[in-house]
Amino acid sequence: MHLRIVYILILGLVFVGCKEEKTKTVTPVVIESVVEKVATSTYEDLKGNPIELSDYKGKRVLLSYWATWCRPCIEEMPDMEKAQTILEKENYVFLFASDQSVKKIMAFKEARGFQLDFIKFNGMYAEKNVSALPATFIYNEVGEQVLRFDGGLKWDSPEMIEKLRAVQ
């Protein structure tokens with residue numbers, strides 16, 4: 001009796017398993033592709049416009065690499081604002097480049113209220129030989145890097161202002 005029930009169950013499974021399945025109609029789903037903006041410039045302003053250091057030929061450029069999480073970077077910014085004001089008639093441009101998102105840079109700028117020209121760095125710090133922040137590069141009017149400073153400094157000191165004025 002038991003064998004007969006097992007035999008019937010096996011036959012039932014074979015018939016059910018061999019049954020032809022109806023073809024299902026699959027409706028194609030269109031997925032919009034998300035195209036990520038690929039930066040083609042080394043830097044960009046906070047509106048997404050491309051910037052290159054060569055755009056500032058004829059000017060002396062102080063370029064500071066920083067981050068919103070970098071305490072020494074933030075601590076030197078008030079002195080940098082003062083130095084920027086002191087040197088504003090001496091053909092200097094001060095730029096503050098971070099590899100963080102534009103959104104994060106803008107939130108930082110709004111929260112802190114610094115009157116500095118913040119830009120987005122689209123590269124990697126290692127490409128610029130930067131292994132610690134802040135790192136500040138000074139370029140002369142023909143675009144040559146002439147000075148480099150690593151770490152937070154007193155940018156509005158008379159000695160530093162004289163160093164910056166002496167850049168040729």
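The values are calculated or read from the model by the stated rules, or taken from the named source; none is laboratory data. Predicted model only: the values in this text are computed from it and were never measured. Cβ: placed from backbone, ideal geometry, glycine included. Neighbour counts: every protein chain shown.
Among the residues in region 136-144, are any within 19 Å of Thr68 (Cα to Cα) and buried (at least 16 other Cβ atoms within 10 Å of the Cβ)?
yes
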Quick one: Lys57 ticks every box in (1) within 30 Å of Glu159 (Cβ to Cβ); (2) surrounded by 14 or more Cβ atoms within 10 Å (Cβ to Cβ); (3) among the basic types (Lys, Arg) except a single one, so which number is it? (2)
Would you confirm, using the coordinates I've provided, whether Lys120 is basic (Lys, Arg) and either surrounded by 19 or more Cβ atoms within 10 Å (Cβ to Cβ) or touching a helix residue (DSSP H, G or I) at 6+ places or on another chain (Cβ under 7 Å) (or both)? yes
Applying the selection to region 87-101, what residues are over 14 Å from Arg60 (Cα atoms) and of a type in the set (A, V, I, L, M)? Ala97
Sole exception among (1) touching a Leu at 6+ places or on another chain (Cβ under 8 Å); (2) not in a loop (DSSP other than H, G, I, E, B) for Glu127, by number: (1)
Return only the number of the condition from (1) closer than 18 Å to Cys73 by Cβ; (2) at pLDDT below 95 that Gln168 does not satisfy. (1)
Pairing a residue in region 121-135 that is of a type in the set (Lys, Arg) with any residue that is modelled with pLDDT of 95 or more, where Cβ atoms lie under 8 Å and the two sit 6 or more apart in sequence or on different chains, gives Lys128/Tyr65; Lys128/Ala135; Lys128/Phe137
Take the residues of region 149-168 that are part of a loop (DSSP other than H, G, I, E, B) and hydrophobic (A, V, I, L, M, F, W, C): which is farthest from Leu63 (Cα to Cα)? Ala166
Going by the conditions given, is Phe149 touching a residue at least 24 places away in the same chain (Cβ under 8 Å), buried (at least 16 other Cβ atoms within 10 Å of the Cβ) and of a type in the set (Phe, Trp, Tyr)? no
Taking the condition of being surrounded by 15 or more Cβ atoms within 10 Å (Cβ to Cβ), among the hydroxyl-bearing types (Ser, Thr, Tyr) and either part of a loop (DSSP other than H, G, I, E, B) or at pLDDT below 95 (or both), how many residues in region 68-103 meet it? 1
Name, by its number, the condition in (1) without any contact (Cβ under 8 Å) to a residue 60 or more places away in the chain; (2) under 20 Å from Glu44 (Cα atoms); (3) over 17 Å from the mean Cα position of the chain (by Cα) that does not hold for Glu162. (2)
Could you tell me which residue of region 102-148 is farthest from Lys59 (Cα to Cα), considering only residues that are of a type in the set (A, V, I, L, M, F, W, C) and more than 20 Å from the chain's Cα centre (by Cα)? Leu147
